[in-house]
């Protein structure tokens, strides 16, 4: 997501925030679900209601009071004919909006933006952008895990054991990194030998490894490759192809600097998520 998209989304989300007073005469931010529906890219209320109900259930499972964050209300809307009609709506806190985003359609770019927008209390553009980049790396790393798990399963079904899988993956790394082995790259980046190299690679390199692995999975299944040698040749060629593509754009994967340990990022996200509800102002008590 580029900076212009982030700024445009932020402006759209800022435009629908409203302010109300709580019992202490403090102004707090709230959002109404009907307004949020539009900026989150949902055309039908019924579909958006599914995400809201999932968010409510998520709130329940965490033993957090629903009334503090979700409030059913009704509002009048003007129809095309000029007549007015009463519709159901929800008044939502920042935390409720965050839960809705967490339970929304992950393929929507608006949802990805909303997850960071509502997670950050100050919602500065720079902080939102930083969090989006962090989540992009976490998501890309998870995709690589899934692709490698699928490759492991594919080759096991074709007569290759765990040691063979390790050799295939290592040969692929050597092809991607221009002759540097997995251990060479760990030494270059200061990674302990016991840790996965991918946990310290930048998003671009993780994505490159994932693309090569997905290509290998596809061709192993399509051509029903059997045994370690042909699968190794396939994986090496795919990594060479990805390296050549990067090289045409002046990128050498072995020269990219290391990124922060992915495990530290995962722990930071978990810690931050526990604080979101605590820092989100609660709705006024019902009269």
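A short reminder: the numbers here are calculations on the coordinates, not readings from a lab. Treat the numbers as computed from the prediction; the structure is a model and nothing was measured. Cβ: placed from backbone, ideal geometry, glycine included. Neighbour counts: every protein chain shown.
Where the centre of each part is set by its Cα atoms, how far does region 239-287 sit from region 6-81, in angstrom?
When both Cα centres are located, 26 Å separates them.
Test of understanding: what is the full-extension gain from residue 108 to residue 136, defined as 0.36 nm times their sequence separation minus their Cα-Cα distance?
8.7 nm
Between residue 273 and residue 67, what is the label-to-label distance in nm when each label sits 7 Å out along the Cα-to-Cβ direction?
Between residue 273 and residue 67, the label points sit 2.8 nm apart.
When every alpha-carbon pair in the chain is counted, what percent end up more than 25 Å apart?
Value for the chain: 58 percent of Cα pairs lie more than 25 Å apart.
Provide the packing ranking of 157-165, 17-25, 145-153, i.e. peptides ordered by the mean count of other C-beta atoms within 10 Å per residue, highest first.
145-153, 157-165, 17-25
In what sequence do 76, 245 fall when counting other Cβ within 10 Å, fewest first?
By the 10 Å Cβ count, ascending: 76, 245.
Mind ranking 166-174, 185-193 by how tightly packed they are, going by the mean number of other C-beta atoms within 10 angstrom, highest first?
166-174, 185-193
Do you know the relative contact order of the chain, to the nearest whole percent, from alpha carbon pairs under 8 angstrom that are 6+ apart?
20 percent
Report the FRET efficiency, 1/(1 + (r/R0)^6), for residue 180 and residue 264, where r is their Cβ-Cβ distance and R0 is 25 Å, rounded to 0.05.
Taking R0 as 25 Å, the efficiency between residue 180 and residue 264 is 0.55.
Under the classification rounded if a/c is under 1.5, otherwise prolate if a/b is larger than b/c and oblate if not, where does region 1-62 fall, given a ≥ b ≥ c as square roots of the Cα gyration tensor eigenvalues?
Oblate, because a/c is 1.5 or more while a/b does not exceed b/c.
Hey, fewest Cβ within 10 Å first, where do 256, 36 land in order?
Result, fewest neighbours first: 256, 36.
Between residue 194 and residue 218, how many nm apart are label points set 7 Å from Cα along the C-beta direction?
3.8 nm
Under 10 Å, Cα contacts only: if you run a Gaussian network model on the chain, which one of 248, 60, 274 comes out with the highest mean-square fluctuation?
248
Roughly how many nanometres apart are two label points built 7 Å out from the Cα toward the Cβ at residue 19 and residue 7?
Inter-label distance under the simple model: 2.5 nm.
If R₀ is 30 angstrom, what is the calculated FRET efficiency for the pair residue 156 and residue 245, using the beta carbon separation as r and rounding to 0.05?
0.55
Computed over the Cα atoms, what is the radius of gyration of region 135-256 divided by 2.2 N^0.38 Å, N being its residue count?
So the Cα radius of gyration is 1.00 times the expected 2.2 N^0.38 Å.
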